[in-house]
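Read-outs: derived from the displayed coordinates by stated rules, not from any lab. Quantities reported herein were computed from a predicted structural model and do not represent experimental measurements. Cβ sites come from the backbone with ideal geometry, for glycine too, and all protein chains shown count toward neighbours.
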Amino acid sequence: MAETETLTERQQKWMTSVRANLEKNTGKSLAEWVEIAKICPEIAPKKRQKWFKEMHGLLQNSAMFVLAELDGPSAGHFADAVPLRQTLWADPAQRALFEAVEAAVLTLPSVIVGQRKGYSAWSREFQFAAIKPVKGGARLGLAVSPGADPRFVPYKASDGWSERLKASVLLTAPSEVDGALTALLKVAWERS
């Protein structure tokens, strides 16, 4: 990976704020919440969050923070990016797509690589691009208008990344990371 940072300064401040406010807002420390999380009967992330809200009144961001602490790197924790990336991009054809996009992205200065369990993302102040493996290739999302390129379709919640990424495109060959797409990556980066 290009940089060791996986969170923007803003994201780091947000995580620090969630941690600091958890005890203040709930009366329980992070360690106490982790102990409570251990008895959660649910396995799926959304169901676990719902359980926290219904049983303990803990809202989504706080619940996600507690669950990340409980589950650690195996659950997609930000700090363990290299194994996440290797697992996500294990398919050679999809990895070639990812590498073509990342090569274009890393020509831009001050890029922060943000590896998640289900996708790889790039930020400056805000996330400006993300890519995830999908059947038949990889889906690239950009913080540009869907009308910026005829290949683009509008953001869908199922994409799973930041809503700032308004447009996405299915990539099936590394050659599709052409001059037009590289220029749009730069536009998205400039807006972040």
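Laid out as a table, the results:
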| read-out | value |
| --- | --- |
| Cα→Cβ-extended label distance, 7 Å offset, between Glu23 and Arg151, nm | 5.1 nm |
| Computed E for Ala44/Arg191 - FRET, C-beta separation, R0 41 angstrom, nearest 0.05 | 0.75 |
| Pairs of Cα atoms farther than 31 Å apart, the chain, % | 24 percent |
| Per-pair calculated FRET efficiency, R0 = 41 Å: Asp91 and Lys53 via Cβ, rounded to 0.05 | 0.70 |
| Stretchable slack from Ser110 to Ala180, in nm (0.36 nm times residue separation minus alpha-carbon distance) | 23.1 nm |
| Local electrostatic count, Pro146, Cβ distance below 14 Å [Lys/Arg +1, Asp/Glu -1] | +2 |
| Relative contact order computed over the chain (Cα-Cα under 8 Å; 6+ residues apart), in percent | 19 percent |
